[in-house]
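Report on the structure given below.
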Amino acid sequence: MAYPFIVIEGIDGAGKATQVEELQKLARRRRERVFLHKFPTERATEIRKHLEGKTKLSEDELFEKYSADIADFQDKIKHDL
């Protein structure tokens, strides 16, 4: 069975969390299954340090680390479906 896949992106303070909360409420009222996956995950410490301004990663390094974080998380996503 196919499920909708919604991606919400935006800069800090754009209202992403608010939109996610509203979508979750709507889905739950409709008794639909909801799974929230946020990236970077807690395991992606190098990305988090970069986002906090503690280290500097090049665009290529950042892309590589985000891609690896998402790839590592695929089993969890498949499990939730």
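The values are calculated or read from the model by the stated rules, or taken from the named source; none is laboratory data. Keep in mind that what you see is a predicted model, and the values were worked out from it rather than measured. Ideal geometry is used to build each Cβ from the backbone, glycine not excepted, and the neighbour counts take in all protein chains shown. Surface accessibility is based on the protein's heavy atoms, side chains included, excluding ligands, DNA and RNA. Shrake-Rupley method; radii C 1.70, N 1.55, O 1.52, S 1.80 Å.
Descriptive notes on the structure:
- On Cα atoms only, tilt of 59-72 relative to the major axis of the chain in degrees: 40
- Over the chain, dividing the summed -39,500 (n - 2.57) contributions of all DSSP H runs of at least 4 residues by the number of residues returns a 222 nm mean residue ellipticity of -15500 deg cm²/dmol.
- Heavy-atom surface of the chain, accessible at 1.4 Å and reported per residue (Å²): 89
- Simple Cβ-charge dipole of the chain, Lys/Arg +1 and Asp/Glu -1, about Cα centre, in debye nearest 20: 600
- Proximal lysines relative to Lys76, as straight alpha-carbon distance under 16 Å, when same-chain residues fewer than 8 apart are discounted: Lys38
- Helix 16-29 axis, angle to the chain major axis (alpha carbon atoms, nearest 10°): 20
- The tail of the calculated P(r) for the chain, taken as Cα-Cα distances beyond 14 Å, holds 71 percent of the pairs.
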